[in-house]
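Quick note: the coordinates plus some simple rules give every number you see, no bench work behind them. The structure displayed is predicted, hence computed values, not measured ones. Cβ: placed from backbone, ideal geometry, glycine included. Neighbour counts: every protein chain shown.
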Amino acid sequence: MAKQNQFSSSRRVASENPYALIGNSLPMKRVYQLISKVLHSEANILLTGETGTGKELVAKAIHEYGHRRTQPFVVQNCASLPDGLLESELFGYRKGAFTGADRNHQGMFDAANHGILFLDEIGDLPLTLQAKLLRVLQEQEVRPLGDTEYHKINVRVIAATHRNLEDMVARGEFRSDLYYRLAHFPIELPPLRERGDDILKLAYAFIDEIVERDRLGLISIHDELAVALQHYEFPGNVRELKSMIERAILLADDTDFLTSQHFPNLPPVVMSESHPIENGLSNGLLKELVDRYERQVLIDYLKKHRGNQKHTATALGVARRTLIYKLTKHKINSRDWRA
Ligand SMILES: Nc1ncnc2c1ncn2[C@@H]1O[C@H](COP(=O)(O)OP(=O)(O)OP(=O)(O)O)[C@@H](O)[C@H]1O
Ligand SMILES: [Mg+2]
């Protein structure tokens, strides 16, 4: 049956989730356990997982909920800059260090002092810089380009990559000593396709975000779409789901329900015995009787509450979104019962 009841309010769901991350599937609970263990330690953390699984979000959560929360959180993407520039961004430089260095420049390690430096896409760090980074981590000191002396810093590093660093170590593309130093505490984020019901929780959370931002009416997910989402691979993980929802709401104009029609890139689900939603009560006398009874109850309650959806939903003990879904299904217009 419909999932709306269970996932009707992302605000409720969000408050159930630690670290402001959405999802309470078993694989995510494991992630939360790991986060709780590292929050107040000084261990360097390595976040791995496919693209879009939430590595940056987890890094931010570790900062926000950990004991360095009042100190800086600085992000440096190791894939976005050419080697030379990345080096001066990370370690800084002194005036005159090279042509064009017309003033002192603070590096990311200094900017993150006493806080956290998030080194994203660490798998793209060139070997020469890997050696320099290793030294900084071992000694907790940096020497800006053009400086003659090292100075102490106190920075906790969280690194992230969607690449398999162990394979890179085996191929000689990543230093094993740096790998072990970064991976004091590895946390692997599960792909979205392995998170079960979290897919719908996230989908509703993103819907609610957009509804609130754009001041739209309630929007629900049709059962048939819920099944399709739960069977999709999501190569782009949570990021992909988020942009799918954005696009679907644009395509849906002012419908209350998102269906697969609004998700042009979602492959159709092949009907089979393993999809009880399509099979279950879809045919037969029992289904017909239950439907007829449900329709009658809805009409009775609407009459009693003079077409007021909120009061009817409360009286029936369901979320308003569920009521709307059922009314649409039975082609009942609550306005017909307004006083
Ligand atoms: N558990 C979650 N709850 C809510 N939003 C999430 C969750 N996980 C990811 N997101 C959202 O999904 C998007 C992608 O997350 P993020 O940028 O952290 O992924 P990533 O693993 O760093 O991806 P990449 O490897 O491509 O850099 C962001 O908009 C983020 O807010
Ligand atoms: Mg990222």
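Defining a contact as two alpha carbons under 8 Å apart and six or more residues distant in sequence, what relative contact order in percent does region 85-187 show?
That works out to 29 percent.
Residue 124 to residue 56: extension gain in nm, 0.36 nm per residue of separation minus the Cα-Cα distance?
Between residue 124 and residue 56, full extension yields 22.9 nm more.
Place +1 on the Cβ of every Lys and Arg and -1 on the Cβ of every Asp and Glu in region 26-189, take the dipole about the Cα centre, and give the residue among 52, 84, 128 whose Cα lies farthest towards its positive end.
Positive-end residue among those listed: 52.
If packing is taken as the average count of other Cβ atoms within 10 Å, what order do 161-167, 240-246 fall into, highest mean first?
With the highest mean Cβ count within 10 Å placed first, the list reads 240-246, 161-167.
Viscosity 0.692 mPa s, temperature 37 °C: what is the translational diffusion coefficient of the chain from Stokes-Einstein with a Kirkwood Rh over Cα pairs, rounded to a whole number of µm²/s?
140
Over the Cα atoms, compute the radius of gyration (one decimal) and Dmax (the largest Cα-Cα distance, rounded to a whole number) for region 88-199, in Å.
16.7, 57
Report the Stokes-Einstein translational diffusion coefficient (µm² s⁻¹, integer) for region 144-188, Rh taken as the Kirkwood radius over Cα pairs, at 4 °C with viscosity 1.567 mPa s.
It diffuses with D of about 101 µm²/s by this estimate.
Given R₀ = 22 Å, what would the calculated FRET efficiency be for residue 316 paired with residue 286, taking r from the Cβ atoms and rounding to 0.05?
Step by step, r from the Cβ atoms, then E = 0.55.
Using the charge dipole of region 26-189 (Lys, Arg: +1 at Cβ; Asp, Glu: -1 at Cβ; taken about the Cα centre), state which of 36, 178, 142 has its Cα farthest towards the positive end.
Of the listed residues, the answer is 36.
Is there a quick way to get the dipole size of the chain? I mean about its Cα centre, with the Cβ of Lys and Arg at +1 and of Asp and Glu at -1; what is the value in debye to the nearest 20?
It comes to approximately 1460 debye.
Based on the mean of other beta carbon atoms within 10 Å per residue, what is the order of 217-228, 126-137, most packed first?
In descending order of packing, they fall as 217-228, 126-137.
Given 60/310; 242/304; 201/331; 201/287, which pairs have Cα atoms separated by over 30 Å?
Violating the 30 Å limit, Cα to Cα: 60/310; 242/304.
Between residue 261 and residue 295, with labels modelled 7 Å along Cα→Cβ, what's the label distance in nm to one decimal, could you check?
Here the modelled spin labels are 2.1 nm apart.
Go ahead and estimate [θ] at 222 nm for the chain from helices alone: -39,500 (n - 2.57) per DSSP H run with n ≥ 4, summed, over the residue count, rounded to 500.
Helix-only estimate at 222 nm: -13000 deg cm²/dmol.
Spin-label point model (7 Å from Cα, Cβ direction): what's the residue 149 to residue 247 distance in nm?
Computed distance between label sites residue 149 and residue 247 equals 5.7 nm.
If the chain between residue 26 and residue 80 were fully stretched, how many nm would it gain, using 0.36 nm times the residue separation less the Cα-Cα distance?
Length gained, residue 26 through residue 80: 16.0 nm.
Per 0.36 nm of contour for each residue apart, how much would the distance between residue 94 and residue 309 grow if the chain were fully extended, relative to their Cα-Cα spacing?
Roughly 70.7 nm would be gained on extension.
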